[in-house]
Amino acid sequence: MDERRADDPRVLVLFAHPAFHRSRVHRGLARAVQRVDGVTFHDLYDAYPDFDVDVAREQALLEAHDRLVLQHPFYWYSTPALVKQWLDLVLEHGWAYGASGTALRDKQLLCAVSTGGREESYRHEGMNRLTVRELLAPIELTAQLCGIEFVEPFVVHGTHAMDEADIAAAADRYARTVTAFRDGKLA
């Protein structure tokens with residue numbers, strides 16, 4: 001039985017952007033998601049500018065939330081460096097995975113990513129030859145290893161060509177997506 005109160009945070013947004021001060025798109029997405037009730041917004045680069053991740057703090061945050069969002073730009077078809085550091089340190093054997101590693105079991109993960117390239121670039125016949133979902137395979141497999149359900153990612157394509165109206169529309173779509181995720185209506 002879920003002992004969580006209705007107003008308790010249910011969604012943890014793990015945000016990672018190493019050049020946030022230059023990001024128009026993620027600034028809009030971050031503002032939008034922070035207005036969603038039941039969301040805890042956690043900026044990893046703000047918390048750990050020297051990459052000195054507080055493992056106990058991060059594990060406690062993960063345990064306190066049912067649904068997780070990993071929000072970041074695609075950097076060379078992957079995550080920013082701090083996300084890799086965070087994964088390596090926080091998802092410990094015996095805690096997150098392994099015979100006794102059940103702390104994250106039955107949680108859900110939504111990746112929210114942006115790409116500079118247009119959507120057609122992320123198709124098998126496109127310039128990048130793989131879909132965003134395929135490029136997220138290491139994150140999806142990590143989630144699977146930890147007993148976390150990986151849901152279809154939220155993707156903002158073509159960020160270099162977006163104007164303010166496009167960014168506002170993407171931010172609104174993101175807020176609606178995270179609201180549905182919070183409410184268990186996104187699979």
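Numerical summary
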read-out: Thr102 being surrounded by 20 or more Cβ atoms within 10 Å (Cβ to Cβ) and either under 23 Å from Thr177 (Cα atoms) or at pLDDT 95 or above (or both); value: no
read-out: Members of the stretch 16-26 that are surrounded by fewer than 23 Cβ atoms within 10 Å (Cβ to Cβ) and under 16 Å from Phe154 (Cα atoms); value: Val25
read-out: Pairs with Cβ under 7 Å, 6+ apart, first in the stretch 44-55 and touching a residue at least 12 places away in the same chain (Cβ under 8 Å) and among the aromatic types (Phe, Trp, Tyr), second surrounded by 13 or more Cβ atoms within 10 Å (Cβ to Cβ) and not in a helix (DSSP H, G or I); value: Tyr45/Ala16; Tyr45/His17; Tyr45/Pro18
read-out: Test: residue in the stretch 167-178 that is aromatic (Phe, Trp, Tyr) and touching an Asp or Glu at 6+ places or on another chain (Cβ under 6 Å); value: no
read-out: Unmet criterion (only one of (1) crowded, with 17+ Cβ neighbours inside 10 Å; (2) closer than 19 Å to Gln108 by Cβ; (3) of a type outside the set (Asp, Glu); (4) at pLDDT 95 or above) for Arg10; value: (4)
read-out: Residue in the stretch 155-165 that is within 26 Å of Arg10 (Cβ to Cβ) and touching a residue at least 60 places away in the same chain (Cβ under 8 Å) present; value: yes
read-out: For Leu145: the one exception among (1) touching a strand residue (DSSP E or B) at 6+ places or on another chain (Cβ under 6 Å); (2) modelled with pLDDT of 95 or more; (3) crowded, with 17+ Cβ neighbours inside 10 Å; value: (3)
read-out: Which listed residue is touching a Gly at 6+ places or on another chain (Cβ under 9 Å) and either in contact (Cβ under 8 Å) with a residue 24 or more places away in the chain or within 22 Å of Leu29 (Cβ to Cβ) (or both), from Ala168, Ala180; value: Ala168
read-out: Candidates Val132, Val113, filtered to the one that is at pLDDT 95 or above and closer than 25 Å to Asp172 by Cα; value: Val113
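The values are calculated or read from the model by the stated rules, or taken from the named source; none is laboratory data. Keep in mind that this is a model prediction, so the values were computed, not measured. Because the Cβ atoms are built from the backbone with ideal geometry, glycine has one as well, and the counts that use them run over all protein chains shown.
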